[in-house]
Each structure stands twice: as C-alpha cells, then as structure tokens.
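Please read the structure below before turning to the comments.
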Amino acid sequence: MVVVYFFEDLSQDFTQLLNESNDYNIIIQAGKEPDFKEFKAHSIILCARSSYFKNIIYNKLATNKSDPIVHLKTDISPNIFNVILRYTYTGALDLTNQTGCDLIALLVAAEELIIAQLIYYVQKYIIDNESSWLLTNLVNVLHTVFKLQSCNIIQDFIMDIIYLVAYLMANAKPQYSKLLPRHGNVYIDSDIIESEHSVIISSWIEKKFEKLSCKFILAYRGTRDGFDSNISYYMCETIIAILVLIKIKDSNKIIGGYNPLGWNLISHGYYGSDCFEDACFEEEHWASANDSFIFCFDENSNTHTLSHVENPEKAIYNNSCADESWLNFGGGDLVLKDQRGTCSKCNYEKTILEDYIFIAEEVEIFQVQMPKVQKKSHNMEIERKSKRAKLSR
C-alpha cells in the first residue's frame with residue numbers, strides 16, 4: 001500500500017491557523033519596549049512541538065485554572081520569535097531577510113527554547129551563506145556562541161579560522177613571533193601537505209589549539225619506498241599512533257586519517273593471547289577508538305572536511321594481513337591497497353569524498369609522537385630504519 005504525504009497542504013493550513021488566531025488560548029509577550037509585540041497561539045500546537053513550552057504551559061495551567069488564557073513573557077525580540085513561532089507551527093524556516101546578527105540571535109533563542117533541529121540548521125546556514133559577515137565579526141560572534149553548549153559546529157569553525165589566521169600572520173611577520181601563534185610551529189616532512197595543514201591536524205589530534213606538542217615521523221612514502229601494501233605494512237607494523245596522508249591523482253583533494261591504535265593490533269595486545277596462533281586471520285577484527293578521524297583538504301577552495309568516528313566500536317578494521325587492504329578506517333570509510341582506494345560512509349560521521357573510488361598519486365604514513373610516548377616511539381623509529389635498510393639491499 002502506497003502512503004502519500006501532503007506536508008505542503010498541512011503546512012499551509014497551520015499557517016492560516018497562526019495568522020487568524022482562531023480559538024487561541026496563549027498570549028506571548030515577546031521583546032521589550034519599544035521593540036515589543038504580543039503573539040496569539042494555541043497550547044495544543046506549542047506543547048506538541050516543544051518540550052520547553054509544554055513544561056511552562058502545563059505549570060501555568062496547573063497554578064491558574066480559572067483563567068482560560070495563559071500569559072507568557074520572553075525577552076526574545078519579536079522578529080526572532082516570529083521566525084520561531086512560524087517554524088513551530090509549519091515546520092518551515094524562512095531566513096531570507098535575516099541579517100547575520102539576526103541569525104546569531106536566532107541561535108541564542110533556539111538554545112533557550114531547546115530546538116535542536118533549528119540549532120543545527122542555523123549553524124550550517126551561517127557558515128554556508130554568511131561566511132563574509134562571520135569573518136568580519138569573529139570576536140563578537142565568538143563571545144556569544146561559546147556560551148551556547150549546543151553550538152559546537154560554529155564554535156569549531158570559528159576556532160579553525162582564528163588559529164589558522166594567527167599561524168599565517170606569524171609566518172608572514174616573524175617580528176611578532178613572540179605573540180603569535182598560540183600553537184607554535186608543527187613541522188612535518190611531507191610532500192603532500194604544508195605546515196598550516198599540520199597545525200590543523202595536530203589540533204584535531206590533541207583537541208586543543210595552543211601549545212601543540214605533536215611530532216610527525218615519516219615512516220613510509222609511496223614514491224620513495226614503493227606503492228606496495230606489503231612494504232608499507234612491513235615498515236609501519238610497529239607504529240601505535242598513525243597519520244595517513246593521500247594525495248589523489250588528477251585532483252585537488254588531499255585525504256587522510258588518524259588511527260591512535262595502529263593496525264598491527266595483535267602485537268599491541270588488543271585481542272588477547274588466544275589470537276597469536278596465526279599471523280593472518282580469516283575472521284574480522286575490530287578495535288574501538290574514540291579519537292580516530294578521517295579528513296579531506298580541498299587545495300582549490302582552502303576548505304576541509306573532518307569526519308569523527310560515529311561508531312567507536314568499529315573505528316579501526318584490522319585483518320592482520322598485508323596481502324589485503326590493511327589500511328582500513330571503519331571497514332570502508334577510507335580503505336587503501338597499493339595505490340587504489342575507496343571511500344564510503346560506514347562507521348564515521350560522513351564521507352570525505354564524493355567519488356567512491358580513487359587512485360593515489362602519493363601516500364605518506366607518519367608515526368604520531370607525543371611527549372609521553374617519545375621514548376617508546378624512539379625505539380620504534382630505530383626498528384623501522386633497520387627494516388628500511390633491509391628492504392634497500
């Protein structure tokens with residue numbers, strides 16, 4: 001049986017109900033003098049659509065049963081409250097004539113009224129459509145949105161801009177190096193990315209934007225060591241924390257991922273002693289990692305996509321066999337064998353490439369070194385250099 005939904009007609013009917021205010025039993029006073037307006041509404045609509053209004057209205061009705069009209073007050077401006085009320089009634093959101101300041105005020109109001117869908121969409125809308133205004137008002141917006149617990153999307157966007165600009169300014173004007181940047185330089189021996197990219201990646205790994213301590217030790221480079229999964233696996237099997245960088249052939253895209261565990265999970269003790277019987281297993285093995293992520297840099301537009309693990313239990317796939325696609329994030333989100341790779345959404349937040357299949361022009365794998373594990377990492381580096389020497393003979 002086919003079910004047909006006439007949402008447009010339903011939305012129009014509820015618009016008419018709001019405009020005509022027939023049988024209203026709620027009066028909401030929005031704003032302050034001189035910017036002040038009364039809105040008439042229906043409790044059955046507000047309670048059905050908003051847990052915030054439901055709690056307030058039920059409490060008012062319980063304490064004042066004699067008055068059939070419930071009176072509410074809010075400091076939200078009439079313009080912003082009108083947008084929210086129409087969205088509540090119709091499910092439609094019209095932001096056509098709203099300024100950047102209006103949109104930030106709408107975010108604040110949506111946070112107060114606990115409207116999660118509005119919070120998510122308005123953040124995306126500001127980033128996609130009001131980026132120029134946002135760049136000229138970064139500090140003021142930052143002071144406002146950082147008080148809002150649900151606005152992590154725009155918070156992350158602003159912080160990325162601020163610290164990237166600070167880094168570029170510091171490199172352009174060395175005389176101010178004592179003031180900028182807060183994070184310092186993050187060196188990386190890469191033919192794929194620049195130092196500003198390494199700063200961004202370091203901030204993702206360390207989850208902070210100042211006093212970054214990441215060090216990246218090159219373990220494998222495809223054009224130097226050969227595009228062979230057996231070689232890359234052999235040279236990287238002792239690494240615990242791994243950064244993968246891939247330059248896509250005939251493209252302006254750079255993709256990659258961070259694996260805090262490494263892929264030789266058997267030798268690292270993630271599966272227990274009963275798994276040491278064979279070096280290559282037929283069954284699937286997964287390792288849980290909350291901090292793993294994949295990403296994409298677009299060199300043309302200077303933008304990036306960051307995708308955190310969505311299902312931590314399947315963050316890292318390990319088949320413990322170099323003959324297969326051993327470099328595997330999420331069982332399919334980012335997979336590479338030799339120079340051929342695939343990207344599809346499986347266990348991470350979003351896909352990082354529009355194309356499912358790609359060919360790697362260059363591949364680099366780095367050991368991510370932190371101060372607390374540097375001694376252990378130094379021993380791994382000695383072992384890896386020994387392996388490279390054996391391969392070159």
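The values are calculated or read from the model by the stated rules, or taken from the named source; none is laboratory data. Everything quoted here is computed from the prediction, not taken from an experiment. Cβ: placed from backbone, ideal geometry, glycine included. Neighbour counts: every protein chain shown.
Are any of the residues in the range 64-85 more than 22 Å from L18 (Cα to Cα) and at pLDDT 90 or above? Steps first, answer last, please.
Our first condition is that a residue be more than 22 Å from L18 (Cα to Cα); within the range 64-85, this holds for 64-66.
After this cut, where a residue has to be at pLDDT 90 or above as well, the list is none.
No: the range 64-85 contains no residue that is more than 22 Å from L18 (Cα to Cα) and at pLDDT 90 or above.
When you scan the range 188-240, how many residues do you find that are part of a helix (DSSP H, G or I), closer than 14 Å to E364 by Cα and of a type in the set (A, V, I, L, M, F, W, C)?
3
Yes or no: the range 4-23 includes at least one residue that is more than 22 Å from Y58 (Cβ to Cβ), in contact with a Pro (Cβ under 7 Å, 6 or more places away or on another chain) and not in a helix (DSSP H, G or I). Step through it out loud before you land on a result.
Taking the range 4-23 and keeping what is more than 22 Å from Y58 (Cβ to Cβ), we get 4-13, 15-16, 19-20, 22.
Narrowing further to those that are in contact with a Pro (Cβ under 7 Å, 6 or more places away or on another chain): none.
No: zero hits.
Without any contact (Cβ under 8 Å) to a residue 40 or more places away in the chain and on the phi < 0 side of the Ramachandran plot: is that true of H71 in this structure?
No.
Can you name the residue in the range 17-45 that is without any contact (Cβ under 8 Å) to a residue 60 or more places away in the chain and closer than 18 Å to L93 by Cβ and, of all such residues, is surrounded by the fewest Cβ atoms within 10 Å (Cβ to Cβ)?
Of everything passing the filter in the range 17-45, N19 is surrounded by the fewest Cβ atoms within 10 Å (Cβ to Cβ).
What number of residues within the range 106-129 satisfy the criterion of being acidic (D, E) and more than 19 Å from the chain's Cα centre (by Cα)?
2
From E8, E111, which residue is acidic (D, E), more than 30 Å from K147 (Cα to Cα) and out of contact with any strand residue (DSSP E or B) (no Cβ under 8 Å at 6 or more places or on another chain)?
Only one candidate passes the filter, namely E8.
Under the condition of being small (G, A, S) and within 24 Å of V199 (Cβ to Cβ), which residue from the range 133-176 is modelled with the lowest pLDDT?
Per the stated criteria, the residue is A172.
Go through the range 243-278 and give me each residue that's at pLDDT below 90 and not in a loop (DSSP other than H, G, I, E, B).
S273, D274, C275
Could you check the range 46-63 and list, in sequence order, the residues that are surrounded by 13 or more Cβ atoms within 10 Å (Cβ to Cβ), in contact (Cβ under 8 Å) with a residue 40 or more places away in the chain and farther than 19 Å from S21 by Cβ?
Result: Y52, single match.
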